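Accompanying notes for the structure given below.
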Amino acid sequence: MLRVLVEMPDGGVVEVTDHKIVQMGDVFACREIAYTHEGGPNRPSCRLVFEVRNRVPVCTSATIEAKPGIPVRAKDLRAIKLDNIRDDAFAAAGVFRANPAGGGYLRIWGPASFLSDRKEVERAGTHRRVTPELLKQVASIHKATPTARVDAIAAAFKVSDRQAKRYIKAAREEGLIE
């Protein structure tokens, strides 16, 4: 398999670890990527793995390692802005759009496209669209869980209890939950 590495301006490297193209918000991206930074004299090294789940880009793994003689400090953890790294990493690895001519995907390269791609990733990471597919997943979890259904849906979609209740209400309105 082709190994795709993209150097980032901050000195980190993004690697595409799963080349499968999946929907992410309104666009498409590789299913899984990893961001690695070797650290520096005052910065520990880190490896962050991001994956698209339910059309949303999320961090699935974070590893931070101290340099010899330099511990990992609270300020080091605060300095790692997961959302910013996620948005930059997916934009660098590639945001694809459906080919209007039919079949396959298109990717536009360049500084202007990087900025628009980054906005698409940010939008996908912060706003989940309520789709028939999402409501079917909510109904499936709701039916499979005898108690604590709101908690189960909140955990499955990584949303608040309030948002989980909205999903349940929408699934009921669509007739997917009795």
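The values are calculated or read from the model by the stated rules, or taken from the named source; none is laboratory data. Given the structure is predicted, the values throughout are model-derived calculations rather than measurements. Note: ideal-geometry Cβ built from the backbone for every residue, glycine included; neighbour counts use all protein chains shown. Just the protein is used for accessible areas: all its heavy atoms, side chains included, with ligands, DNA and RNA removed. Shrake-Rupley method; radii C 1.70, N 1.55, O 1.52, S 1.80 Å.
Computed quantities for the displayed model
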{"item": "Cβ-Cβ under 7 Å pairs, at least 6 apart or on other chains, the stretch 12-37 side on the phi < 0 side of the Ramachandran plot, far side open to solvent by 10 Å² or more (accessible area, probe 1.4 Å) and among the aromatic types (Phe, Trp, Tyr)", "result": "Ile21/Phe28; Ile21/Phe96; Ile21/Tyr105; Val22/Phe28; Val27/Phe96; Phe28/Phe96; Phe28/Tyr105; Ala29/Phe96"}
{"item": "Any hit, the stretch 96-117, residues being touching a Phe, Trp or Tyr at 6+ places or on another chain (Cβ under 8 Å) and β-branched (Val, Ile, Thr)", "result": "no"}
{"item": "Residue among Ser113, Ser61 that alone is more than 19 Å from Gly11 (Cβ to Cβ), among the hydroxyl-bearing types (Ser, Thr, Tyr) and surrounded by 12 or more Cβ atoms within 10 Å (Cβ to Cβ)", "result": "Ser113"}
{"item": "Subset of the stretch 123-156 [open to solvent by 80 Å² or more (accessible area, probe 1.4 Å), assigned to a helix (DSSP H, G or I) and closer than 16 Å to Gly25 by Cα]", "result": "Arg123, Thr126, Pro132, Glu133"}
{"item": "Residue within the stretch 39-48 that is part of a strand (DSSP E or B) and in contact with a Cys (Cβ under 9 Å, 6 or more places away or on another chain) present", "result": "yes"}
{"item": "Residue within the stretch 17-33 that is at pLDDT 90 or above, buried (at least 21 other Cβ atoms within 10 Å of the Cβ) and over 24 Å from Val130 (Cα atoms) present", "result": "yes"}
{"item": "Pair list, Cβ < 6 Å and 6+ apart or interchain, from the stretch 157-178 residues that are open to solvent by less than 70 Å² (accessible area, probe 1.4 Å) to residues that are small (Gly, Ala, Ser)", "result": "Ala164/Ala154; Ala171/Ala139; Leu176/Ala139; Ile177/Ala139; Ile177/Ala171"}
{"item": "Counted residues, the stretch 64-103 - those being farther than 13 Å from Val14 by Cβ, open to solvent by less than 50 Å² (accessible area, probe 1.4 Å) and modelled with pLDDT of 90 or more", "result": "1"}
{"item": "Pair list, Cβ under 6 Å, 6 or more apart: the stretch 79-90 residue assigned to a helix (DSSP H, G or I), other residue open to solvent by less than 20 Å² (accessible area, probe 1.4 Å) and small (Gly, Ala, Ser)", "result": "Phe90/Ala29"}
